[in-house]
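Reviewing the structure listed below.
The values are calculated or read from the model by the stated rules, or taken from the named source; none is laboratory data. For clarity, every value in this text was computed on a predicted model and none was experimentally measured. FYI the Cβ positions are ideal-geometry reconstructions off the backbone, even for glycines, and counts take in every protein chain you see. Just the protein is used for accessible areas: all its heavy atoms, side chains included, with ligands, DNA and RNA removed. Shrake-Rupley method; radii C 1.70, N 1.55, O 1.52, S 1.80 Å.
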Amino acid sequence: MNKLFSGIVLILGLGLLVSCAKKTTLFEANGKMEDFSPIYTDYDYLSAKAKVVIEEESGKITRGSMNLRSKKDSVLWFVVSPGMGMEAVRGLITQEKIQIKDRIGKEDVNLTFKEFETIYGLKLSLEIFQNLLFANPPYEADYKDRLVRVGKSFELTQVRDKVRYFSKVDVNYRKVSEMVSNSLDDRGSLLASYATFQDVSSSPFPFEVLYKLAYQLPEGGQNTIINVEWTSVDLNSQPLSFPFKF
């Protein structure tokens, strides 16, 4: 089950690179954010590829690759491969549920987000996935939130649906540099750290991302660390297909 859960959370690490046909360039900020105004990337469809390394609590390290496609506010589709053309996990995430086809362990998942939270202790949604993918704050700031300027970052604390989110938003990149979420019942937590950003059409996108997750399994609490380095991305206006079936 731990391997399958890792397949689910791999898509949390969508830091983007420019497409492989272009030279990659680190983003250079040309000004500071005086007022809180994060950059939100607009797109219709996205396709991307990445190298991933998963470190499990047992000490096991797994290396592989991932292909991902997305339609904004509608669907995320991904395939995880350990190499040699083998497909290990295929997944589809929509507004309603998470569906995973595990071709190796045969531990398929077909859960609503509420069912997922009950089992694993993590509250997720398509909106949260998308914001993590692009290093956005989990939710847009409003009067209920605590927002302060500390050095080179804005620190944003938000509580939504019994989860506390703490985000550091870099004043130069205008993107989240680190985000920590904890369920108020202490069943699950997530840390996302964005090390560098890539220049894509003069906008910053995550390049290298580290995730640390604490979650529940039948055998007890588990921790997983995921390192993601993206190797290609295309922002498309033309529709993509999302092939999936159990």
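Quick notes
- FRET E, pair Glu96, Tyr40, Förster distance 25 Å, beta-carbon r, rounded to 0.05: 0.60
- Summarising the label geometry, the points placed 7 Å from Cα in the beta-carbon direction at Met86 and Asn110 lie 2.6 nm from one another.
- Three-way shape label, the range 155-246, alpha-carbon gyration tensor, a/c 1.5: oblate
- Accessible surface of the range 29-143, 1.4 Å probe, proportion on carbon and sulfur as whole %: 47
- Accessible carbon and sulfur surface of the range 179-232 relative to its total accessible area, %, 1.4 Å: 46
- At a probe radius of 1.4 angstrom, the accessible area of the range 50-105 per residue rounds to 49 square angstrom.
- Here the Karplus curve 6.51 cos²θ - 1.76 cosθ + 1.60, taken at θ = phi - 60°, turns the phi angles of the range 67-77 into couplings of 9, 9, 10, 8, 10, 3, 6, 9, 7, 10, 10 Hz, with x standing for Gly and Pro.
- Only lysine pairs 8 or more places apart, or on different chains, with alpha-carbon atoms under 17 angstrom apart are counted in the range 109-226, and they number 8.
- Pairs of Cα atoms farther than 20 Å apart, the range 108-177, %: 37
- In sequence order, calculated HN-Hα J values of the range 90-98 (Karplus, 6.51, -1.76, 1.60; Hz; x Gly/Pro): 10, x, 9, 10, 10, 5, 9, 7, 10
- Averaged over residues, the count of other Cβ atoms within 10 Å places the peptides 35-43, 227-235 in the sequence 227-235, 35-43, highest first.
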